[in-house]
Amino acid sequence: MRPLHTGADTPLGAFQRYPGCRVLLSCAACAWSKSYRPEPMIERLRKLRAGGYETTLADAARRVAWNCPRCQRMRWRFEFALPEGLDEREMRRLANQYRN
Ligand SMILES: [Zn+2]
C-alpha cells in the first residue's frame, strides 16, 4: 500500500478523488495494518446512523473498538492509500465510473 498522506480531518467521501484507493487502518504503536474498501465502510456508518461521507478519518479511527491483534494496544489511525500495482488505465476506468 502506498499511503496518500491525507490529513486526519479528511472526510471518507474524499475517496472519490483518489480512484481505486483503500482506507488503510494502521496501528500507531506497531505498524500492523489492514485495508478496507471505502464504499462499504461509508455504507455501514450510514446504516448505523453514525456518519457517512462526511465522517473524517480521525472520527472513523476513534470508532474502532478492538485492540491491535499484534501489540494489543488501541492506537488506530486511518489514511487513504493506493494498492501497489494499480496502473494508470485502471485508475482512469475507476475515475470515469465515479463521474457517471
Ligand atoms: Zn499494534
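Table for the structure above
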{"quantity": "Residue in the range 19-33 that is among the hydroxyl-bearing types (Ser, Thr, Tyr) and either free of Cβ contacts under 8 Å to residues at least 40 places away in the same chain or within 16 Å of the ligand (Cβ to nearest atom) (or both) present", "calculated": "yes"}
{"quantity": "Qualifying helices (runs of 4 or more DSSP H) (wholly inside the chain; at least 2 residues being touching a strand residue (DSSP E or B) at 6+ places or on another chain (Cβ under 7 Å))", "calculated": "38-47, 57-62"}
{"quantity": "Search result, residues across the range 63-92 that are free of Cβ contacts under 8 Å to residues at least 12 places away in the same chain and on the phi < 0 side of the Ramachandran plot", "calculated": "Ala65, Trp66, Asn67, Met74, Asp87, Glu88, Arg89"}
{"quantity": "Count of the range 61-100 residues which are more than 12 Å from Cys21 (Cβ to Cβ) and of a type in the set (A, V, I, L, M)", "calculated": "4"}
{"quantity": "Where Ala65 falls short, out of the listed (1) surrounded by 13 or more Cβ atoms within 10 Å (Cβ to Cβ); (2) within 16 Å of the ligand (Cβ to nearest atom)", "calculated": "(1)"}
{"quantity": "Residue selected from the range 68-91 under the condition within 15 Å of the ligand (Cβ to nearest atom) and under 18 Å from Met1 (Cα atoms), by the criterion surrounded by the fewest Cβ atoms within 10 Å (Cβ to Cβ)", "calculated": "Arg77"}
{"quantity": "Residue list for the range 21-51, restricted to those being touching a helix residue (DSSP H, G or I) at 6+ places or on another chain (Cβ under 9 Å) and crowded, with 17+ Cβ neighbours inside 10 Å", "calculated": "Cys21, Arg22, Val23, Leu25, Pro38, Met41, Ile42, Leu45, Gly51"}
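Bear in mind these aren't lab numbers, they're just calculated from the coordinates by the rules spelled out. Predicted model, so just to flag it, every value in this text is computed and none were measured. Don't worry about glycine lacking a Cβ; one is built from the backbone with ideal geometry, like all the others, and counts go over all protein chains shown.
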